[in-house]
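A short write-up of the structure that comes next.
The values are calculated or read from the model by the stated rules, or taken from the named source; none is laboratory data. All figures in this text were calculated on a predicted structure; none of them were measured in a lab. All Cβ positions, glycine included, derive from the backbone under ideal geometry; neighbour counts span all protein chains shown. Please note that ligands, DNA and RNA were not included when accessible areas were found on the heavy atoms of the full protein model with its side chains. Shrake-Rupley method; radii C 1.70, N 1.55, O 1.52, S 1.80 Å.
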Amino acid sequence: MSTSLHFATATPRDSASLWAAINAVAPQGTIALTDEVVQQIAELLEGVKLTNGQSVFTYVADNPRHASYVGDFGPCLLEERILAKLRETLAAHSDDAARMLDTVVSLRVQIGFTGSEDGPARLDAVNWEADTVEVRLTNGRFDQMLTTLEIPFERDEATGEVDFTTFEAAVAARGLNTGMSVPLNAFVACAKRHDATKVYWG
């Protein structure tokens, strides 16, 4: 079992409107691709870092029995040159695919690409903030991190929360002692960009 950190903001996302804009381009935000296109995109994005410091997760297939894959990420956080190349690759396949990329970029949400190993090759728009930083740990390791940060929590509860200012101060003062100051500082920086009010976990 694992636990993840999240943050909440004073102004919630209008998820319904974002999803409606995605569906106006394609039902369920899904557009059919080919394995060749997914392979090209995986090769393009392999090893690429986003402007928020996070890496794009890619799997580039080197065996015809497997398919390439690109995990969900925010394309608005790509370097302009790489974003332009990604759009060019999709536009060569279909206008709808390029239009979906443009929509995802303008909405600042995420996108993913999947080869045909477990279903049809496709592009999927994902109604989630483009700028995210994941901190996921086993439950025991997560409890240890909170203890080191001196953040109060209930050991028997799977969830909890704390004011963002308290969490930010704890990471600044004791984050180095957790052995994971880099992801914690990245999480705090991301939360600040979104004007977070609370940090919660579960």
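Report the label-to-label distance for Ala92 and Thr11 in nanometres (one decimal), using points 7 Å from each Cα along the Cα→Cβ vector. Inter-label distance under the simple model: 4.0 nm. For the chain, the residue among Val133, Pro27, Gln110 whose Cα projects farthest onto the positive side of the dipole built from Cβ charges is Val133. Of all accessible surface on the range 120-202 at a 1.4 Å probe, what whole percent is carbon and sulfur? Ligands and nucleic acids excluded, carbon and sulfur give 50 percent. For the chain, the per residue solvent-accessible surface stands at 54 Å², with DNA, RNA and ligands left out and a 1.4 Å probe. Which net charge results for the neighbourhood of Phe57, defined as the other residues with beta-carbon distances under 15 angstrom from its beta-carbon, given Lys and Arg at +1 and Asp and Glu at -1? Cβ neighbours under 15 Å give a net charge of -3. With K and R counted +1 and D and E -1, the other residues having a Cβ less than 12 Å from that of Met145 yield a net charge of +1.
Peptide packing for 166-176, 150-160 was compared via the average number of neighbouring C-beta atoms within 10 Å per residue; ordered from the highest value, the list is 166-176, 150-160. Taken about its Cα centre, the chain carries a charge dipole of about 320 debye when Lys and Arg each add +1 at the Cβ and Asp and Glu each add -1 at the Cβ. Here the peptides 181-193, 31-43 are ranked by packing, the mean other Cβ count within 10 Å, and the order with the highest first is 31-43, 181-193. Working from Cα pairs under 8 Å separated by at least six residues, relative contact order for the range 70-202 is 21 percent.
Accessible area per residue (1.4 Å probe, heavy atoms of protein chains only) ranks Trp128, Trp19, Trp201 as Trp128, Trp19, Trp201, with the largest value leading.
Here the sum of -39500 (n - 2.57) over DSSP H runs of 4 or more residues, divided by the residues of the chain, equals -13000 deg cm²/dmol at 222 nm, to the nearest 500.
Loop-only check: which trypsin sites (Lys or Arg not before Pro) in the range 1-67 are DSSP coil with at most 14 other Cβ within 10 angstrom? Filter output for the range 1-67: Arg13, Arg65. Cross-link reach is defined here as a Cα-Cα straight distance under 19 Å, omitting same-chain residues fewer than 8 places apart; for Lys198 the aspartates and glutamates meeting it are Asp14, Glu129, Asp131, Glu134, Asp143, Glu150, Glu154, Glu157, Glu161, Asp163, Glu168. Of the residues His66, Ala42, Ala84, the one whose Cα sits farthest towards the positive end of the charge dipole of the range 33-129 is Ala84 (charges of +1 on Lys and Arg Cβ, -1 on Asp and Glu Cβ, taken about the Cα centre).
All other residues whose Cβ lies under 13 angstrom from that of Ala8 are scored, Lys and Arg at +1 and Asp and Glu at -1, for a net of -2. A Cβ-based charge dipole, computed about the Cα centre of the range 33-129 with Lys and Arg at +1 and Asp and Glu at -1, lands at about 220 debye.
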